[in-house]
1. Once Rh is set to the Kirkwood radius over Cα pairs, what Stokes-Einstein translational diffusion coefficient, in µm²/s, holds for segment 3-355 at a temperature of 37 °C and a viscosity of 0.692 mPa s?
2. How much length, in nm to one decimal, is gained on full extension between Asn28 and Ala434, taken as 0.36 nm per residue of separation minus their Cα-Cα distance?
3. So between Asp292 and Lys484, what do we pick up on full extension, going 0.36 nm a residue minus the alpha carbon distance?
4. Only residues of segment 21-64 count here: report those whose backbone N is under 19 Å from the spot 7 Å along Cα→Cβ of Thr461, or say none.
5. Determine the per residue accessible area of segment 183-266 with all protein chains present and a 1.4 angstrom probe, expressed in square angstrom.
6. Taking the Cα centre of each part, how many Å lie between segment 124-143 and segment 237-284?
7. Computing the accessible area with a 1.4 Å probe over protein heavy atoms, can you report the carbon and sulfur percentage for segment 108-164?
8. Treating cross-link reach as a plain straight distance, find the aspartates and glutamates whose alpha-carbon is under 15 Å from the alpha-carbon of Lys441, omitting any fewer than eight places away in the same chain.
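The values are calculated or read from the model by the stated rules, or taken from the named source; none is laboratory data. Because the structure is predicted, anything quoted here is derived from the model rather than measured. Heads up, the Cβs are rebuilt from the backbone with ideal geometry, glycines too, and the neighbour counts pull from every protein chain shown. Heads up: the accessible areas ignore ligands, DNA and RNA and are worked out on the full protein's heavy atoms, side chains in. Shrake-Rupley method; radii C 1.70, N 1.55, O 1.52, S 1.80 Å.
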Amino acid sequence: MPCTTILVGKDASYDGSTIIARNEDSSNGEFTEKEFKVVQPEDQPRHYTSVISHVEIDLPDNPMRYTSVPDALLKNGLWAEHGVNTLNVAMSATETLTSNERVLGADPLVELIPASADGQTPEVPGGIGEEDMLTIVLPYITSARDGVRRLGALLEEYGTYEMNGIAFSDVDEIWWLETIGGHHWIAKRVPDDSYVVMPNQLGIDEFDLEDAFGEQEEHMCSADLREFIEENHLDLAVENVSAFNPRLAFGSHSDSDHVYNTPRAWWIQRFFNPYDEDWDSVNALHSPVSDDIPWARQPERKITIEDMKYALSGHYQGTPYDPYGKDGSAATRGQFRAIGINRNCDLCAIQIRPYASEASRSIQWTAFGSNPFNTFVPFFTNVDAVPAYLTGTTETVDTAHNFYWANRVIGALADARYNDNRAHIDRYVLKTGAAGVAAVKDADAKIAAFAATEGDAAVATTEDKRARTILEAANAAVCDLVQKETNDVLSKVLYTTSMSMTNAFSMSDN
């Protein structure tokens, strides 16, 4: 699926948290109903079958509880997308990547081969993909590194039918894994003082093979990657002293990348580093069509959750490329694929906080629908139940009781009359965002009071159900407020849009 990912190291975030965030976008002309769920160990499959590739995998018998954001109607499988497990280990899967002919010819993707029509040749299952990865990995991993190792082993055994990037995080580290062809992969630790932007394009631009085959302090890879590179002449460095560049070796460099992918990385880095370089003149070091935009970069200031939401709602504000703006021309305003678009399905930012207890350490900030018109809800992940407003999405549109449908309709209405509705959306985001922050502070205070009464051991793990009850109440309270505000802004957007259209019709009649 087309998506955008941002990863923020703990020394680059405003509060010392690791933060991984990603839009899940549906294909052009489509949208996908989503919901928020908590998967209990007894509900986790022990034998997994992929809907798309038909691959079958036996899973361990000791899964942990975890959160997920699956497709609500399961037409094409689970697509669980983002989550946090009981040990406060997070995963975001996946960011669709691009590759080149040399890689795909050397290690073809493992695609489903249907049985022949005459029944003489049996079906051959494909590999694993975005539909499967979170479900078969997250419930079993104890750290971000462990997540890389488990997924890497599965890729080497079963292969994949698509190119993907996957993020893993814990309280100390973030790791980013990129698949290479059908069975190969690389993974790199995100520097603590940096952020990473991934816009549907293979991104890692420097990789230390010596470390990957040695101490693995910051790099890991598939067991035969060195031989794979050499045998297929994939290293494009012109000097032996140059660092190996996976983006050049494994990635794509097509004209469509300059419309669809690189502009998103350019705009987000322009937002996080506005003064480090000239971004806009004809002499700019990096432009929207540059192939050498850095994979990781130190921001000019610490990055907040609000920054993540703004960046992943981006539509090139402040540039001639903003489709809602007045600068530039009709041609430039539609020149590049935006980040916040009408086919955003959901947005998730997972924040793992080092100063919080194990019981309340992880927050999964969640939004549904088109990002320029939606809002974040902070959701403590150490819970057994989900507020009804965030789950149970049905095929029938229900804006009053379902967060997904309310935001989907708000986006559809407000997009058509962006400038008329912008003030409503801005107030909605500010009010609900402040309420979310206040809800987190209130829950933290209640958890601290609980620990003071019951002892620190009560919040030292995620096993105490009394602590989970406190967090479930916090989730429910913020959802109640967000539901009220969402219904209110929907009414305002509906009224403003209908009046605007009525006035437009009246003027045309005259």
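1. Translational diffusion coefficient: 157 µm²/s.
2. Difference between extended and current length: 142.8 nm.
3. Extra length from Asp292 to Lys484 when fully extended: 64.6 nm.
4. Residues 40-42, 61-64 fall inside that zone.
5. On the way: 3720 Å² over 84 residues.
Accessible area per residue: 44 Å².
6. That distance is 30 Å.
7. Roughly 54 percent, rounded to a whole number.
8. Candidates past the 8-residue exclusion: Asp15, Glu472.
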